[in-house]
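S.K.: Below is a structure I'd like to ask you about.
The values are calculated or read from the model by the stated rules, or taken from the named source; none is laboratory data. Only a predicted model underlies this, so the values are computations on that prediction, with no experimental measurement involved. Because the Cβ atoms are built from the backbone with ideal geometry, glycine has one as well, and the counts that use them run over all protein chains shown. The area values use the complete protein model at the heavy-atom level, side chains included, leaving out ligands, DNA and RNA. Shrake-Rupley method; radii C 1.70, N 1.55, O 1.52, S 1.80 Å.
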Amino acid sequence: MRRSTLALFAGATLLVAGCSDIPEGAVEAEALECPPGEEGCDDIRPIGDGGTVEFDMGNFWFEIVDTAAVTGAIEVTANNVEDGYHNLEVLGSADGTYLGGADGNAILGADGNETGEGEVELFPGEWTVICNVPGHRAAGMETTMTVYATDDELEAAIEAGEDDVTRDEENPQR
Ligand SMILES: [Cu+2]
């Protein structure tokens with residue numbers, strides 16, 4: 001008798017919860033106390049392990065030769081394999097990475113046959129990468145890079161053959 005009363009009570013509670021108009025999780029949602037961009041307000045930045053991505057670049061192309069890009073601070077390396085100056089800008093980076101001077105918003109620049117290094121903070125997703133030297137993007141220096149949400153997501157993509165890392169592992173002499 002006692003047990004069935006308890007079950008009935010539990011059932012009634014579930015029913016009430018099921019009839020609620022408030023979507024699950026909505027109770028915890030609150031208005032932003034400090035909208036982004038407001039003075040004294042912290043920027044919203046990606047939180048994650050970060051990672052690395054390596055490009056080759058030349059006149060007028062980019063190629064990702066190795067990637068382990070997980071959201072957070074990502075170390076970017078670009079090997080300029082030809083003789084003209086090029087740089088690398090990730091459009092819409094969370095930290096507004098800025099190198100200054102002729103590089104505009106690039107995160108790195110490299111003279112011919114040199115390697116540039118920089119860091120950029122990115123949320124997960126597909127990001128457009130360009131060289132911002134006038135005319136170079138239009139000439140072909142535009143590509144995309146994928147930033148994964150977690151190490152597990154990155155590894156799953158590599159296993160599924162969706163990323164360039166697979167090719168590098170298959171052709172280590174490249
Ligand atoms: Cu360029």
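S.K.: Output yes when any residue across the stretch 100-109 is more than 16 Å from the ligand (Cβ to nearest atom), farther than 27 Å from residue 156 by Cβ and not in a strand (DSSP E or B), and no when none is. If you could, list the steps in order and put the result at the bottom.
M.R.: So the first thing to find is which residues in the stretch 100-109 are more than 16 Å from the ligand (Cβ to nearest atom), and the list is 100.
Then keep just the ones that are farther than 27 Å from residue 156 by Cβ; that gives 100.
With not in a strand (DSSP E or B) added as a condition, the list becomes 100.
Yes, there is a match, as at least one residue in the stretch 100-109 is more than 16 Å from the ligand (Cβ to nearest atom), farther than 27 Å from residue 156 by Cβ and not in a strand (DSSP E or B).
S.K.: Which of (1) part of a loop (DSSP other than H, G, I, E, B); (2) modelled with pLDDT under 95 does residue 118 not meet, given it meets every other one?
M.R.: Unmet condition: (1).
S.K.: Next up: So which residues in the stretch 74-87 are crowded, with 23+ Cβ neighbours inside 10 Å and over 15 Å from the mean Cα position of the chain (by Cα), if there are any at all?
M.R.: Within the stretch 74-87, 78, 80, 86, 87 meet the criteria.
S.K.: Go through (1) within 15 Å of residue 65 (Cα to Cα); (2) part of a strand (DSSP E or B); (3) open to solvent by less than 70 Å² (accessible area, probe 1.4 Å) and name the single condition residue 144 misses.
M.R.: (3)
S.K.: Exactly one of these conditions fails for residue 112: (1) within 15 Å of the ligand (Cβ to nearest atom); (2) part of a strand (DSSP E or B); (3) in contact with a Gly (Cβ under 6 Å, 6 or more places away or on another chain). Give me its number.
M.R.: Status for residue 112: all satisfied but (2).
S.K.: Is there any pair with a first residue in the stretch 130-153 that is among the acidic types (Asp, Glu) and a second that is away from the ligand (no atom under 16 Å from the Cβ) whose Cβ atoms are under 6 Å apart and which are 6 or more apart or on different chains, and what are they?
M.R.: 151/70
S.K.: Being in a strand (DSSP E or B), of a type in the set (D, E, K, R) and within 16 Å of the ligand (Cβ to nearest atom) is the filter here, so list the residues in the stretch 44-87 that pass it.
M.R.: Quick first cut of the stretch 44-87, residues in a strand (DSSP E or B) only: 51-58, 61-68, 70, 72-80, 86-87.
Adding the requirement that they be of a type in the set (D, E, K, R) leaves 54, 56, 63, 66, 75.
Of everything in the stretch 44-87, those that are in a strand (DSSP E or B), of a type in the set (D, E, K, R) and within 16 Å of the ligand (Cβ to nearest atom) turn out to be 56, 63.
S.K.: With the requirement that a residue be among the small types (Gly, Ala, Ser), within 16 Å of the ligand (Cβ to nearest atom) and closer than 19 Å to residue 96 by Cα, what does the stretch 118-166 give you? Break it down into steps so the answer makes sense when it comes.
M.R.: Of the stretch 118-166, the ones among the small types (Gly, Ala, Ser) are 118, 125, 135, 138-140, 149, 156-157, 160-161.
The next check asks that each one be within 16 Å of the ligand (Cβ to nearest atom); those that pass are 118, 135, 138-140.
Matches in the stretch 118-166: 118 only.
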